[in-house]
Amino acid sequence: MRGNAWHLGHDDDSGSLGARTFARRCERASGLSPVRFVQRLRVDKAMELLETTRLSLDDIAEKVGYADPSTLRKLLHREKTPGARASRAARKRDNGAAPQDAWSPTT
């Protein structure tokens with residue numbers, strides 16, 4: 001999601017939602033702060049890519065919006081997801097090899 005500017009500021013005449021109001025509504029709707037919500041989306045997509053492609057974790061991290069792959073690794077660990085090897089072994093066992101995926105956060 002790099003390259004996409006998310007502006008949550010409040011301009012008096014724009015009618016935009018204030019950052020605090022947005023954060024409260026996001027947390028009420030999802031149970032997560034906006035940052036955690038975006039992280040969860042990225043981790044979910046990363047897991048999908050791990051299971052359905054042969055992309056490296058570094059490539060997947062970049063595709064889901066992380067410049068530093070170690071950030072994704074830490075989030076995967078925090079979310080207690082199976083590792084890349086386990087995810088790919090399960091895919092191979094269940095579905096066979098899958099084609100490359102061209103997912104991008106900007107599409």
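The values are calculated or read from the model by the stated rules, or taken from the named source; none is laboratory data. Please read all numbers here as calculations on a predicted model, not as lab measurements. Backbone-built Cβ (ideal geometry, glycine too); neighbour counts: all protein chains shown.
See the values below:
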{"read-out": "Which numbered condition Pro99 fails, given (1) part of a loop (DSSP other than H, G, I, E, B); (2) modelled with pLDDT of 70 or more", "value": "(2)"}
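Yes/no matrix, rows are residues, columns are (1) modelled with pLDDT under 95; (2) surrounded by 14 or more Cβ atoms within 10 Å (Cβ to Cβ); (3) touching a His at 6+ places or on another chain (Cβ under 9 Å):
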| position | (1), (2), (3) |
| --- | --- |
| Ser30 | yes, no, no |
| Arg40 | yes, yes, no |
| Val43 | yes, yes, no |
| Leu49 | yes, yes, no |
| Thr53 | yes, yes, no |
| Ala61 | no, yes, no |
| Val64 | no, yes, no |
| Leu72 | yes, yes, no |
| Arg78 | yes, no, no |
